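Here's the structure, in structure tokens; my notes come after.
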Amino acid sequence: MKLITPLLSVFLFLISTTQTVAQDWLIERSEWGSTDSLVESNRHTIEYITIHHGGEIFEDEKNVYTYLKNLQSWSRSARGWMDVPYHYIIDRQGRIFEGRPLDYRGDTNTAYDPTGHALIVLLGNFEEQEVREKQKESLKTVTEYLAKWKSVPASKIKTHKDYAETLCPGKKLSEYLATNEWQTFLNDLESQ
């Protein structure tokens, strides 16, 4: 019995470091119709959290499930990527979808290496659209989860434009990320 407990602890640790831990707020890949096409050479270890916006107007009536399936298809056929480029996708209602498996490096249309980055995207074009409160709350939820799970310090939680020449994540999301509310959230993460 004394041997079983340490072995179980090691087993649970190994599982938690290599797979997404199920969360009640997460809409998993299987739920939106994802298909796997994993490339072992794309494995990486998370060191950063990077925030993006989708860059296109996202209307309320747009079906997110269909959008994600189409994004996955386009990513593979037009870009030659293994999957959707992001690890977590937050829709306009604040729902959080699982994108590319976290253990696999994301992709980008810009000149930065996303190796080591957990990529979070909020759907919408925040040069034009407002960031909804539900999206802000979901961004906090997934950021806090990742920061704790992967031991990412607040100093390594940034935006796409911190790494590449781009407008992403858009001026309205950038403005929110400069508020006292977001900065207090980051400071609280650091002190936990």
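Nothing in this text is a laboratory measurement; each read-out follows from the coordinates by a stated rule. Only a predicted model underlies this, so the values are computations on that prediction, with no experimental measurement involved. Here the Cβ positions follow ideal geometry from the backbone for every residue, glycine too, while neighbour counts run over all protein chains shown.
Dividing the helix sum by the residues of the chain, where each DSSP H run of 4 or more adds -39500 (n - 2.57), gives a mean residue ellipticity at 222 nm of -11000 deg cm²/dmol.
Calculated from the alpha-carbon coordinates, segment 60-145 shows an Rg and a Dmax of 13.0, 35 Å respectively.
Among 108, 72, 146, whose Cα sits farthest toward the positive end of the charge dipole of the chain (+1 at Cβ of Lys/Arg, -1 at Cβ of Asp/Glu, about the Cα centre)? Towards the positive end, the residue furthest out is 146. Compared with the dominant principal axis of the Cα atoms in the chain, helix 180-191 is inclined by about 10°.
Among the listed pairs 62/134; 150/171; 69/134, those whose Cα-Cα separation exceeds 25 Å are 150/171. Taking every C-alpha pair closer than 8 Å and separated by at least 6 residues, the mean separation divided by the residue count of the chain gives a relative contact order of 26 percent.
Principal-axis analysis of the Cα atoms of the chain puts helix 133-149 at an angle of about 30° to the longest axis.
Cβ neighbours within 10 Å, averaged per peptide: list 176-182, 123-129, 78-84 in order, most packed at the top.
Working: 176-182: 13.7, 123-129: 19.9, 78-84: 16.9.
Top of the packing list down: 123-129, 78-84, 176-182.
Taking the inverse of the mean 1/r over every pair of distinct Cα atoms in the chain gives a Kirkwood hydrodynamic radius of 17.3 Å. Between 0 and 90 degrees, the angle of helix 64-77 with respect to the longest Cα principal axis of the chain falls at about 80 degrees.
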